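Undergrad: Just passing along the structure, written as structure tokens.
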Amino acid sequence: MTDSKRRKTPLVADKRYPSKGRKPKATKRTAKPAGKKAVARKTTTRKPTRKKTRKKSAGGGGGIFRRMFRWLWRMIWGVTWRVGAVCALLLALAIGVVYNSLPDVDSLLDGRARGSVTMLDRDGKVFAWRGDQFGGVITADTVSPHLKHAVIATEDKRFYRHFGVSPRGVASAVRINLSEGRGPLSGHGGSTITQQTAKLLCLGVPYDPAEWESEAAYEADCRKGSLWRKAKEAVYAMAMEVKYSKDEILTIYLNRAFLGAGARGFEAASQRYFGISAAEVSPSEAAMLAGLLVAPTRYAPTNNLQRSQDRARMVVGLMEDQGYLSPAQASEARTRPAELSEAAAARAGGYFADWVMASGPEFFTRNTTEDVVIRTTLDQRLQKSAEEALQYIFQEKVREGSKAQAAIVVMSADGAVRAMVGGRKTRVSGAFNRATQALRQTGSSFKPFVYATALELGYSPLDTVVDEPYCINIPGSGQWCPKNYTNKFYGRVTLADALKNSLNIPAVKVAEVAGLENVRTVASGFGIANDLAEGPALALGASESTLIEMTGAYAGILNGGSSVEPYGLTELKLLGDQTPVMVTTTGIGERVINDKAAKQLTWMMERVVSEGTGARAQLPGWQVAGKTGTTQAARDAWFIGFTADYVAGVWMGYDDNTPLSGVTGGGLPAEIWKETMLRVTEGMTPTPLPMLAPDPPVRTAQPRQQRRRQGNGFENAINNLLNNIFGN
């Protein structure tokens, strides 16, 4: 029997299962295929092998890349979320640090480093502002809804939806900047109102005068737009969003924003431009105020009202598009744009306000840290009169294109300045003031002080002096021979006629007789404080002075011979206080000449206008006293005169000392004076001048060197009189 037929003993493992129904164990040995059944069996047995081969083939190429991609993605994601988590943690820490440093809202509303000065005219009406104006605290709830909506529509329409920083706003700003050919961070910044508020707060860094050169330098540094500063600004803004409510942030912004013309905050701006509270502004006014935020100085309505109105129309359009205004309201706002208040439109007394600021106590004016209210002597009617007169003369009687300048001062007899024009541009602030800052030779307008000295010494206006060729040897300079303007000589003339016709030789002779030192004493006593010439040319106005000094000196003649200190401040109070810090009631000082001499001099000066060189200054129905003045080569032309109520001074010339062409003090300056005083005296009742006609003449005035040759006792009498009055 062969092995193949031998029965195999069953395995132990086989005994575990019943033989019934058990599938036969597949054997490795396979019979040769026979027919279709064999083929089918073969196919069936190889299917698993093909599948295994397919899997291996797929995992061999694409599977590697898939696994690499999965690995790379897991690595990037792992790094990203870890870095993100660290950044988020650092950001949260930074926000927390800033959050803890933020003070209460109330302490952030008034961020000014200096105070403000509000000026009132003599009637108590506001006419000028200086310093940083802060009209008072306002909130997002108390301002006009139109103003609140205008600010949001213009500056940050998603203000109530973002978390302090607006990614959409930044992306939009970058796109606009790139489309306009600028750098991504140049130009539009995409800043939210919260970010702008953070910038206004200078990221919490207070102003330190010891550290910064000026407040302007500090603010310029706060406005820098570097990438690092933008990042700090974003952190600060987000901290503010955590610390404060949206309306609190908006309240800070409304109170601290700079809006031109020295206005800090919307309350100050509303009062400055419209004379009303920020709670009362109309849609057109709100649009104008909100339009200032982009460029306060450029769009300030006091600088260019039309440009400001055009900007406001654009803001009205934004308010309409965002649903804050109905079409009817928007149409009304465009049809009736905002207008300036009367005080803001007038911009009265710019030169005067600057002078008050410069002459007042520094710690209450130029460098005040308090809010100050100053009541002044300004009369706005008179101010307008002076401005209109100057404009009229230059429009009607000065050639077009002329660069000649002029200045006007009007004051009362006690030195209270009622009007001041420091140049042809009247609506200015901080400009060069030719009425108070320009030192100019006085010319013949100085001669009244020569005759005032003679009258004080006892001379009469009817005493005589000889107008003839006359020369004086001046040590160190040689011979000096004064001449009259007409190059003629008029022989023996009275002192009154010599002044009336502005004769030079008689003026020099009278000054010699009265004593040059005495003339200097009288002139400085009347307030001409600058260095006075030492030689005989003093009598012809070789010295320099300002228009306000000369006008004040003439006021001393009008008031009876007492010195005058021109003044513009009558009362100074701190805002909210009832008790004044300082009060000024008059500018009259010590007596310089006696009352009789002053009244006789006024009589002489009245003849200058009624009969002499000042005839163009005559006012119908009024007595006018005054004096013309023209300097050498006509570089300066003056007319200063007065009625019983007001003294007015006019100067005309070029800033660079170019000679005037065909102009003397009795010409255009006298006409400017007349046009001014015609307007000033309108509606007033003429009042006679306080003048005194002289007694008959008693002596002839001659220079000392001529009196010595006469050998009589007249010299001794004069010397005794001088010694009694002025001392040895």
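Undergrad: For S562, S331, S661, write out the residues from largest to smallest accessible area, computed with a 1.4 angstrom probe and no ligands counted.
TA: S661, S331, S562
Undergrad: Which order do R616, R424 take by accessible area at a 1.4 Å probe, largest first?
TA: From most exposed to least exposed: R616, R424.
Undergrad: Show W77, W603, W638 ordered by accessible area, largest first, where the area counts protein heavy atoms only and the probe is 1.4 Å.
TA: Order by accessible area, largest first: W77, W603, W638.
Undergrad: I want to check the label-to-label distance for E400 and E339. Put each point 7 Å from Cα in the C-beta direction and report it in nm to one decimal.
TA: For E400 paired with E339, the spin-label model returns 3.0 nm.
Undergrad: Sticking with this one: If you find the alpha carbon centre of segment 301-321 and of segment 89-138, how far apart are they in angstrom?
TA: 26 Å
Undergrad: With all protein chains present, calculate the accessible area of S245 using a 1.4 Å probe and round the result to the nearest 10 Å².
TA: Roughly 60 Å² of S245 is accessible to a 1.4 Å probe.
Undergrad: Any idea how far apart F489 and N367 come out in nm if each label point goes 7 Å out from Cα toward Cβ?
TA: Calculated label separation equals 6.0 nm.
Undergrad: Still on this structure: Which value, in Å² rounded to 10, gives the accessible area of S116 with a 1.4 Å probe and all protein chains present?
TA: Estimated to the nearest 10 Å², S116 gives 10 Å².
Undergrad: Sorting check: for 200-206, 348-354, which peptide has the highest mean count of neighbouring beta carbons within 10 Å, and how do the rest follow?
TA: Peptide ranking by packing, descending: 348-354, 200-206.
Undergrad: Can you tell me which of 682-691, 503-512 comes out highest on packing, and rank the rest after it, using the mean Cβ neighbours within 10 Å?
TA: Peptide ranking by packing, descending: 503-512, 682-691.
Undergrad: Not counting ligands, DNA or RNA, and with a 1.4 Å probe, what is D531's accessible surface area in Å² rounded to the nearest 10?
TA: So the heavy atoms of D531 present about 140 Å² to solvent.
Undergrad: Given points 7 Å out from each Cα along the Cα-Cβ axis, report the D577 to K157 separation in nanometres with one decimal.
TA: So the label points at D577 and K157 sit 5.0 nm apart.
Undergrad: Pop out the ³J(HN,Hα) list for segment 440-456 in order, Karplus 6.51 cos²θ - 1.76 cosθ + 1.60 with θ = phi - 60°, rounded to Hz; leave Gly and Pro as x.
TA: Rounded to whole hertz, the list is 10, 5, 8, x, 5, 5, 7, 4, x, 7, 5, 6, 4, 5, 5, 5, 4.
Undergrad: Under the classification rounded if a/c is under 1.5, otherwise prolate if a/b is larger than b/c and oblate if not, where does segment 481-554 fall, given a ≥ b ≥ c as square roots of the Cα gyration tensor eigenvalues?
TA: prolate
Undergrad: Can you work out the FRET efficiency for the pair R298 and L91, with r the C-beta to C-beta distance and R0 = 51 Å, to the nearest 0.05?
TA: 0.85
Undergrad: If you plug each phi of segment 241-255 into the Karplus form 6.51 cos²θ - 1.76 cosθ + 1.60 with θ = phi - 60°, what whole-Hz ³J(HN,Hα) values come out, in order, with x for Gly and Pro?
TA: 5, 6, 6, 10, 7, 4, 5, 5, 4, 5, 4, 4, 4, 5, 8
Undergrad: Could you pull out every residue, at least 5 positions away or on a different chain, whose amide H is within less than 5 Å of the one on D467? Hs are placed 1.01 Å off N in the peptide plane, and Pro or chain starts have none.
TA: HN-HN under 5 Å from D467: Y490, G491, R492, V493.
Undergrad: Let me ask something else about it. Which of the pairs K384/K500; K483/K509; K403/K627; K397/K425; K199/K232; K500/K596 have their Cα atoms more than 21 Å apart in this structure?
TA: With Cα atoms farther than 21 Å apart: K384/K500; K403/K627.
Undergrad: Roll a 1.4 Å probe over the protein chains and send me the accessible area per residue for segment 491-617 in Å².
TA: 34 Å²
Undergrad: Assuming R0 = 60 Å, what is the FRET efficiency of T586 and T80, from their Cβ-Cβ distance, to the nearest 0.05?
TA: After rounding to 0.05, the efficiency reads 0.15.
Undergrad: Here's another thing I want to ask about it. Ranked highest first by average number of other Cβ atoms within 10 Å, how do 399-406, 491-498 line up?
TA: With the highest mean Cβ count within 10 Å placed first, the list reads 491-498, 399-406.
Undergrad: Another question about this same structure. Once the piece of chain linking R168 and R70 is laid out straight, how much longer is it, given 0.36 nm per residue of separation minus the C-alpha distance between them?
TA: Taking R168 through R70 to full extension adds about 32.0 nm, to one decimal.
Undergrad: Residue by residue through segment 644-654, which ³J(HN,Hα) values in whole Hz follow from phi under the Karplus form 6.51 cos²θ - 1.76 cosθ + 1.60 (θ = phi - 60°), with glycine and proline marked x?
TA: Those phi angles translate into 5, 9, 9, 10, 9, x, 10, 10, 9, x, 9 Hz.
The values are calculated or read from the model by the stated rules, or taken from the named source; none is laboratory data. Here the structure is a predicted model, which is why all the values come from computation and not from measurement. Positions of Cβ are backbone-derived with ideal geometry, glycine not excepted, and every protein chain shown enters the neighbour counts. Each accessible area value is taken on the protein alone, full model and side chains, heavy atoms only, with ligands, DNA and RNA left out. Shrake-Rupley method; radii C 1.70, N 1.55, O 1.52, S 1.80 Å.
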